[in-house]
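Values quoted throughout were computed directly from the atomic coordinates according to the rules given, and no laboratory measurement underlies them. Nothing here was measured: the structure is a model prediction, and the numbers come from that model. Don't worry about glycine lacking a Cβ; one is built from the backbone with ideal geometry, like all the others, and counts go over all protein chains shown.
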Amino acid sequence: MAAGDLRDAVAAILGSGPTAEDVGTPESIREIARIRSATVRVLEDDVASADEKTALIRRLFTTANAAALSSWAKQAIRHEIDWYFGREPRPHVPTAVSAARRLRRAGYKQCPTCLIDVMDEIQLRAFEEADRSWLAEEAAHDQAGTSDG
């Protein structure tokens with residue numbers, strides 16, 4: 001994805017309207033979710049340069065500054081950055097598998113918030129299997145008393 005495409009994706013995420021699951025959720029909370037989602041989209045993009053990503057993250061901080069719950073919005077960005085760079089566990093969010101299944105049940109082929117294609121059932125099963133393998137490997141390391149860090 002070119003930098004312009006990533007900028008457009010971020011703008012679309014920030015401008016997206018409420019989904020069926022958002023009924024009853026205050027706009028200020030949905031705003032934080034959109035900012036968090038846009039942050040993840042920027043961090044996980046594998047085409048944009050580090051400078052382009054940094055510029056977009058700075059713009060997200062500017063957006064967060066203007067948010068109704070600005071301190072929470074800025075903290076959401078910081079948490080996603082810390083998680084991405086491995087400095088802390090990911091904040092509590094639904095698993096990718098459960099989120100994808102909910103979106104599929106609702107008839108979505110693309111997430112209305114982050115605009116990424118929703119995994120199909122084959123991808124979901126492969127994702128779950130990889131997760132189980134990783135958890136088993138982590139448990140074996142813990143049992144053996146070894147660590148990777």
So what does log10 I(q)/I(0) come out to for the range 3-94 at q = 0.18 Å⁻¹, using the Debye formula with one equal point on every Cα and no solvent? -0.80
By count of other Cβ within 10 Å, fewest leading, how are Ser28, Ser16, Ser70 ordered? Ser28, Ser70, Ser16
Among Ile116, Ile122, Ile35, rank each residue by its count of other Cβ atoms within 10 Å, from fewest to most, as a rough exposure measure. Ile122, Ile116, Ile35
Separation in nanometres of the label points that stand 7 Å from Cα toward Cβ, at Glu27 and Gln110: 2.5
